[in-house]
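Below is one structure, written out as structure tokens; comments come after it.
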Amino acid sequence: MSLARTFVLKTSSLPLVERMVRRSFLFRPLVRRFIAGDTLEEAIKASEALLAKGLRISLDYLGENTRSEQEALDAKATYIQMLERIAQVPVVRDYNANPVGPEPLNISIKLTQCGLDQGEAFAEKNYRDVLEVAKGFHNFVRIDMESSDYTDRTMAMIGRVRPDYPNTGTVLQSYLYRTPKDVEQVIEWQARTRIVKGAYLEPPSVAYPEKEKVDEAYVQQAKELLLRGYYPAIATQDEKIIRELNAFVAENKIDKSRFEYQMLYGIRRDLQDSLVAEGYNVRIYVPFGDSWYPYFTRRLAERPANAFFILKAMFKG
């Protein structure tokens, strides 16, 4: 992990910095670039505009690490509301009339938002409740992977739940040393899996600190999923990696319908459009909600120059 990225992640965790970011008008344009809005309706509006361009969507209600069971129950209620509202979107209604192929608009959730810190059985019950509703709408629920403290518990819970609800999958982070083993596990499960590089601040004892090694691991794991996985999601904005994987797909005669690229809302819109024009499936991760700060700082850490520029302006007044 670069020193600049580490600095941004550590600095942004300070309460004083969080208060400054939340209050400063200088950050508002960047927040709105990465976050679709505070409300579900704002996120739906943004999603419909993207759907009209031929993109698919995964909605993410921002938040993590609930502090009480009631907070987790409230999050579950929001997840269910999302699924109900998604079912009313015209493109989704058309899909549900003949649900063939990947759904146009699904949701991503976090187990810590389901109450994992309050207890595994409690979180699993909430997770299953959401999946039951999603099943009725022919929809899919992806579990976002969080910091490495939760990886074992997340994988174990998905292993328990998937036999009852195949309409769920997860995310693997290529910077973790353990990920090759997890890739083999999700291939065995034939679970839909998103592969990402990883955005949390992890110690070198569990994750590659060097960008070059992360990139190398990412490409290798993406290729394994493309060859042997079930409808993998290749989540990257790295154009060099995308071109390498496109060549790999062509060389191995992998049909474009067997996987999708995933990209973040507000990032590389030009690349999103060009991939769609080339016939690739592309899904945009669309976050919303007022608990945007942790997600926002991870996005800033991916481009530290943005953070340094704004912090400099803030301290100049």
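Any read-out appearing in this document is the output of simple, stated calculations on the displayed coordinates, not a laboratory observation. If you're wondering where the values come from, they're calculated on a predicted model, not measured in any experiment. Cβ placement follows ideal geometry from the backbone for every residue including glycine, while neighbour counts extend to all protein chains displayed.
Per-residue 3J(HN,Hα) values for region 282-291, derived from phi via the Karplus relation 6.51 cos²θ - 1.76 cosθ + 1.60 with θ = phi - 60°, read 10, 10, 9, 7, 10, x, 8, x, 8, 8 Hz in sequence order (x marks Gly and Pro). Loop-located trypsin sites (Lys or Arg not before Pro) across region 55-129 with a Cβ neighbour count of 10 or fewer within 10 Å are 67, with loop assigned by DSSP.
Electrostatic bookkeeping for residue 50 treats Lys and Arg as +1 and Asp and Glu as -1; over the other residues with beta carbon under 12 Å from its beta carbon, the sum is +3.
Note on region 98-229: lysine pairs with Cα distance below 21 Å, sequence gap of 8 or more or different chains, count 13.
Loop-located chymotrypsin sites (Phe, Trp or Tyr not before Pro) in region 38-135 (DSSP state other than H, G, I, E, B) with a sparse environment of at most 16 neighbouring Cβ atoms within 10 Å are absent.
The string of couplings for region 145-157 from the Karplus curve (6.51, -1.76, 1.60, θ = phi - 60°) is 7, 9, 5, 4, 4, 10, 4, 4, 5, 5, 4, 5, 5 Hz, one whole number per residue in order, with x for Gly and Pro.
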